[in-house]
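Structure first, then comments.
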Amino acid sequence: MILDGKTVSAKIIEELKEELSHRAKKPYLAVILIGDDAASRVYVRNKKKKAEYIGIKAEVIEYPSNIEEEIVLNKIDELNNSPEVTAILVQMPLPEHISKEKIICRISPQKDVDCFTPENTGRLSIGIKPYFYPATPQGILMLLDAYNIPVEGKHAVVIGRSNIVGKPMAQMLLQRNATVTICHSKTKDLDKIIKTADIVVSAVGKKIVRCKMVNKKSVIIDVGIYRDSNGNLTGDVDFKEVEPLAEYITPVPGGVGPMTIASLMYNVVKS
Ligand code: GUN
C-alpha cells in the first residue's frame with residue numbers, strides 16, 4: 001500500500017490554515033537564504049508560498065554568497081530579539097567561509113523550527129521535549145500515524161546518520177519504543193540488517209534499497225530525492241521492485257517531501 005504523503009500533508013495544511021484563521025496573532029517565519037544554490041532557492045520559495053497560503057507571515061532575507069559571517073550572526077540576533085518574529089530558519093547549505101556551527105548555535109532555541117540548535121537536539125536525545133521536533137522525522141511519524149502504523153516494539157532500521165534526518169529519526173523512533181538500528185556507509189551486511197527490519201527509513205541520496213533486501217510486511221520510508229541520469233526524480237528505494245513486496249511504501253515524489261513541508265508548517269504555527 002502506498003503511503004500518500006501528498007494527500008495526508010494537504011489535510012494537515014488545511015487544518016493549520018483553519019486553526020490560524022481563528023487566531024488574532026499570526027506566526028512570523030524569517031528565512032535566511034545565502035548564495036544562489038538552485039535547490040535551496042526552490043525549497044525556500046516553496047516554504048514561503050505554503051506559509052503564506054496558511055496565513056503565516058513569511059519573510060525571506062537574502063544575502064550574496066560572499067556575505068560576511070558577522071552580518072548574518074547580527075541578523076540572527078536581531079531576529080531572536082524581535083517580538084514579531086516567532087520562527088527562524090537558516091537554509092542549508094551555507095557557503096564555506098561561514099561556520100555552520102556558529103550560525104546554528106546563534107539561533108534562539110525557542111524560534112528554532114528546524115530543531116538544529118544544541119539545546120533542541122540535546123533535549124531530543126535525553127528525552128526532554130524540544131521546543132520543536134525536526135521537520136522530516138516528525139513528518140514521517142505523522143505519516144505513519146495517519147495510517148495507524150504502530151512503531152512500539154518494531155525493529156526500525158534507519159539508513160543514514162545525518163544531523164537533519166538519520167540521527168533525529170533514530171531518536172524519535174526510540175522515544176516511541178522502537179528497537180532502532182542506525183546504518184551508514186561503513187555498515188557491514190546492510191542487506192542482512194534490512195531483511196530483519198519492520199520499518200526501514202532510508203536517507204542516503206542514492207539507490208540503496210533493493211527488493212532482495214526487504215522482507216514482506218515491512219514499511220519502507222524513502223527520504224532520498226534526486227534526479228537520475230534521465231532527469232527523473234527518484235529516491236533511495238527501487239520503487240518498482242520493492243512496492244509489490246512491502247506492506248507500505250512511500251513514493252518519490254509525493255511521500256516524505258510534502259510531509260516535511262507540512263511538518264515544518266506545523267512547527268511554525270506552534271511557534
Ligand atoms: N537544507 C536542506 N534541508 C533543509 C532543512 O530542512 N532546513 C534547512 N534550514 N535547510 C535545509
**Request:** Just the number, please: percent antiparallel of the DSSP beta bridges in the chain, rounded to the nearest 5.
**Result:** 5 percent
**Asked** Whole-Hz Karplus ³J(HN,Hα) for the stretch 240-250, in order, using 6.51 cos²θ - 1.76 cosθ + 1.60 and θ = phi - 60°, x for Gly and Pro?
**Response** 4, 6, 7, 4, x, 8, 6, 6, 9, 8, 8
**Fill in**
Here the stretch 202-208 yields Karplus 3J(HN,Hα) values (6.51, -1.76, 1.60; θ = phi - 60°; whole Hz; Gly and Pro given as x) of 10, 9, 10, x, 8, 5, 9
**Message:** Please list, ordered by chain and number, the residues whose modelled amide H lies under 5 Å from the amide H of Cys183; skip anything fewer than 5 residues away on the same chain.
**Reply:** Val158, Ile159, Gly160
**Asked** Rounded to the nearest 10 Å², what accessible area does Lys154 show when all protein chains are kept and the probe is 1.4 Å?
**Response** 70 Å²
**Request:** Would you work out the charge dipole size for the stretch 164-271 about its Cα centre, treating the Cβ of every Lys and Arg as +1 and the Cβ of every Asp and Glu as -1, and quote it to the nearest 20 debye?
**Result:** 280 debye
**Asked** So how strong a dipole does the chain carry about its Cα centre when Lys and Arg Cβ are +1 and Asp and Glu Cβ are -1, to the nearest 20 debye?
**Response** 560 debye
**Nearest-20 debye value, the stretch 71-115 charge dipole, Cβ charges on Lys, Arg, Asp, Glu** = 60 debye
**Request:** Report ³J(HN,Hα) in whole Hz for each residue of the stretch 147-164, in order, from the Karplus equation J = 6.51 cos²θ - 1.76 cosθ + 1.60 where θ = phi - 60°; Gly and Pro get x.
**Result:** 9, 6, 8, x, 10, 4, x, 7, 8, 9, 10, 9, 9, x, 10, 5, 5, 8
**Request:** Identify which of Ser40, Ser202, Ser218 has the largest mean-square fluctuation in a Gaussian network model of the chain, with springs joining Cα atoms closer than 10 Å.
**Result:** Ser40
**Rounded accessible area per residue of the chain, 1.4 Å, Å²** = 49 Å²
**Message:** Can you show me the helix-derived [θ] at 222 nm for the chain, built from DSSP H runs with n ≥ 4 at -39,500 (n - 2.57) apiece and divided by the number of residues, rounded to the nearest 500.
**Reply:** -12500 deg cm²/dmol
**Asked** Accessible area, 1.4 Å probe, largest first: how do His22, His97, His184, His155 sort?
**Response** His22, His97, His184, His155
**Complete:** Contour minus Cα-Cα span, Glu96 to Glu247, at 0.36 nm per residue, comes to 50.1 nm
**Asked** Rg(Cα) of the stretch 118-180 divided by 2.2 N^0.38 Å?
**Response** 1.05
**Asked** Got a sec? What order do Asp189, Asp228 fall in by accessible area at 1.4 Å, biggest, i.e. largest, first?
**Response** Asp189, Asp228
**Request:** Starting from the residue with the highest accessible area, list Cys211, Cys115 in decreasing order, probe 1.4 Å.
**Result:** Cys211, Cys115
**Prompt:** Roughly speaking, to the nearest percent, how much of the stretch 120-228's 1.4 Å accessible area is carbon and sulfur?
**Reply:** 53 percent
**Request:** Using all C-alpha to C-alpha distances in the chain, build P(r) with 5 Å bins and read off the rounded percent in each one.
**Result:** 1, 6, 12, 16, 18, 17, 13, 9, 5, 2, 0
**Complete:** At q = 0.13, 0.21 1/Å the base-10 log of I(q)/I(0) from the Debye formula over the alpha-carbon atoms of the stretch 79-233 is -0.68, -1.35
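The values are calculated or read from the model by the stated rules, or taken from the named source; none is laboratory data. Since the structure is predicted, the reported quantities are computational estimates derived from the model, not experimental observations. Neighbour counts are summed over all protein chains in view; Cβ atoms, including those assigned to glycine, are modelled from backbone coordinates with ideal geometry. Calculation scope for accessible area: heavy atoms of the full protein, side chains included, ligands and nucleic acids excluded. Shrake-Rupley method; radii C 1.70, N 1.55, O 1.52, S 1.80 Å.
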